[in-house]
Structure formats: structure tokens, C-alpha cells
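Enquirer: Encoded as C-alpha cells, here's the structure I'll be asking about.
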Amino acid sequence: MTTRTLEVRSAALGAVELRAAAENQIGTLHGYAAVFNRYSQNLGGFVEVVDPACFNKSLADDVPVMARFNHNDNLLIGTTEANTLRLEVDGTGLAYDVDLPDTSTGRDLHALGKRGDIRYSSFAFYTVHDEWGVTEQGFPLRILRSVQLVDVAPVANPAYRDTTVAVRSLCERLGVEVEEIPSLEPDELRSRLVDDAGSAQDREEPPAPHATMALRSRLLELEALR
């Protein structure tokens with residue numbers, strides 16, 4: 001699936017580390033914008049996992065990426081084009097180092113990082129390819145296989161942003177319209193997701209009606225906004 005709608009995901013991945021400054025710099029922030037193979041929080045009836053290869057193409061293509069505090073255009077703190085932001089994929093996830101600028105935002109982040117107040121990181125992206133399946137408990141699962149990075153950021157609030165794009169991706173994967181989802185029974189929804197994933201055909205754990213109801217509620221909210 002390819003979409004040009006921006007998505008943002010945030011999580012508590014451990015405190016963002018303030019590292020010693022090089023000459024003529026005020027400090028460097030180090031953190032993880034994403035971790036691999038870890039379930040997200042409930043995103044309104046489904047969870048997400050970031051595949052270890054998720055960022056490979058974006059990094060290989062040298063797509064310009066920004067670092068913006070709280071994803072705010074007015075709070076730019078680094079870019080890959082200027083090498084003030086550096087990204088690396090390792091066994092844990094997507095790590096970033098950003099050299100803080102001598103601006104009000106940079107100085108604020110230096111003070112907050114030094115005190116340990118910045119504890120969350122986030123990334124903004126366009127989906128290139130995703131897949132849907134279910135967890136072992138029968139909960140709808142979205143796997144981010146490939147994305148185009150837009151920015152990585154230390155954030156004050158680890159909230160996951162609007163999940164409209166993901167919900168519509170699910171509808172596309174199932175071959176149904178948004179308004180059809182509420183009519184699907186839990187067993188049918190789970191069966192379709194398992195079949196689409198091409199695996200877990202013999203699972204015997206019971207379906208998760210609470211997950212289906214949460215997803216239905218989210219889809220009804222989206223339909224009301226159309």
C-alpha cells in the first residue's frame with residue numbers, strides 16, 4: 001500500500017540521552033525513534049509492529065529527514081542533509097543522534113535532557129508497504145514493512161496520532177468499505193485477517209470480541225466524519 005498521508009507514532013523507549021558536546025556545540029541528543037518487533041499500545045482496535053527492514057529503503061535512498069521537537073516545523077533542531085541529524089538501524093531499532101543548535105529550542109532541550117525530562121521519542125512517516133494479520137490472542141495486527149521517513153523527534157507527549165490511514169489500510173486489505181466493518185462478526189474479521197496473512201491457519205485461541213468492538217467503534221467514528 002502506498003499513501004501520501006502522514007502518520008506519526010510515539011512511544012516511551014527510555015529516556016533520551018544528552019551526550020557531551022563537541023566544540024562549538026551545546027550537546028547531542030541520542031535516542032530511539034522506533035524499536036523493532038515490539039507491539040505498540042492499542043491504537044483503537046489494533047496494534048502495530050515495526051519490521052526490522054522497515055527503514056532500509058528510506059535510508060538507502062538517502063531521503064532527507066528532519067528532527068523537530070514535537071514534530072513542530074517551528075522547532076527544527078537538525079537535518080540529515082546538514083549532517084546535524086544522524087540515523088542508524090541496529091538490533092534494537094532506529095537510533096538517532098541530533099546535534100542541538102544554539103537556539104531557544106536547542107537550549108531548552110539541552111536543559112530538559114540534562115534533567116531527564118525528555119523521555120519519549122517519535123517518528124513521522126509515509127507508509128510504503130504494510131501487512132495485516134492477528135496476534136496470538138486474535139487481536140488485529142498491522143506490520144509496518146516499509147516506510148518513507150519524514151522526521152524523528154524527541155517529544156513531550158508520547159501519544160499516537162490519528163490512525164485513520166491505518167484503518168483505511170485495513171479496509172483495503174479486507175476488500176471492504178468502512179461502513180461494512182461493523183457488520184462483520186468477530187470470527188469473520190479474525191478469519192479474514194488470518195487468511196490474508198497466509199499463516200496461523202490452525203490457531204485455536206478464541207477470538208477477541210473486545211478488539212473487534214474497539215475497531216468497530218473507531219471505524220464508526222471515522223465514518224461519522226466523512
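The values are calculated or read from the model by the stated rules, or taken from the named source; none is laboratory data. What you see is a predicted model, and the numbers here were worked out from it, not measured in a lab. Cβ placement follows ideal geometry from the backbone for every residue including glycine, while neighbour counts extend to all protein chains displayed.
Enquirer: Can you find, within segment 131-157, the residue that is surrounded by the fewest Cβ atoms within 10 Å (Cβ to Cβ) among those that are of a type in the set (A, V, I, L, M) and farther than 20 Å from residue 173 by Cβ?
Expert: The extreme case among them is 156.
Enquirer: Quick one: which residue in 146, 121 is under 15 Å from residue 69 (Cα atoms), assigned to a strand (DSSP E or B), among the polar types (S, T, N, Q) and in the same structural domain as residue 60 (by TED's automatic domain parsing)?
Expert: Among 146, 121, only 121 is under 15 Å from residue 69 (Cα atoms), assigned to a strand (DSSP E or B), among the polar types (S, T, N, Q) and in the same structural domain as residue 60 (by TED's automatic domain parsing).
Enquirer: Something else about it: Examine segment 114-121 for a residue that is buried (at least 20 other Cβ atoms within 10 Å of the Cβ) and within 30 Å of residue 187 (Cα to Cα), and state whether such a residue exists.
Expert: Taking every residue of segment 114-121 in turn, none turns out to be buried (at least 20 other Cβ atoms within 10 Å of the Cβ) and within 30 Å of residue 187 (Cα to Cα).
Enquirer: Since residue 10 meets every condition but one in (1) under 30 Å from residue 174 (Cβ atoms); (2) at pLDDT below 90; (3) part of a loop (DSSP other than H, G, I, E, B), which condition does it not meet?
Expert: With (1) under 30 Å from residue 174 (Cβ atoms); (2) at pLDDT below 90; (3) part of a loop (DSSP other than H, G, I, E, B) applied to residue 10, the lone miss is (3).
Enquirer: Does any residue of segment 42-53 turn out to be in contact with a Gly (Cβ under 6 Å, 6 or more places away or on another chain) and surrounded by fewer than 22 Cβ atoms within 10 Å (Cβ to Cβ)?
Expert: Looking for residues that are in contact with a Gly (Cβ under 6 Å, 6 or more places away or on another chain) and surrounded by fewer than 22 Cβ atoms within 10 Å (Cβ to Cβ), one finds none in segment 42-53, hence no.
Enquirer: Here's a follow-up. Right, residue 87: in contact with a Lys or Arg (Cβ under 7 Å, 6 or more places away or on another chain), over 14 Å from residue 48 (Cα atoms) and not basic (Lys, Arg) or not?
Expert: no
Enquirer: Please enumerate the residues belonging to segment 73-83 that are in a loop (DSSP other than H, G, I, E, B) and either surrounded by 19 or more Cβ atoms within 10 Å (Cβ to Cβ) or not assigned by TED's automatic domain parsing to the domain that holds residue 52 (or both).
Expert: 80
Enquirer: Which of the residues belonging to segment 109-118 are in a helix (DSSP H, G or I) and of a type in the set (A, V, I, L, M, F, W, C)?
Expert: Listed by number, the residues that qualify are 109, 111, 112.
Enquirer: Residues of segment 84-101 being of a type in the set (Asp, Glu) and surrounded by fewer than 17 Cβ atoms within 10 Å (Cβ to Cβ), which ones?
Expert: Scanning segment 84-101 gives 88, 90.
Enquirer: Looking at segment 62-76, which of its residues are aliphatic (A, V, I, L, M) and in contact (Cβ under 8 Å) with a residue 40 or more places away in the chain?
Expert: Matches in segment 62-76: 63, 65, 66, 67.
Enquirer: Pick from 138, 106: which is touching a Lys or Arg at 6+ places or on another chain (Cβ under 7 Å) and either outside any strand (DSSP E or B) or of a type in the set (S, T, N, Q) (or both)?
Expert: None of the others qualify; the one that does is 138.
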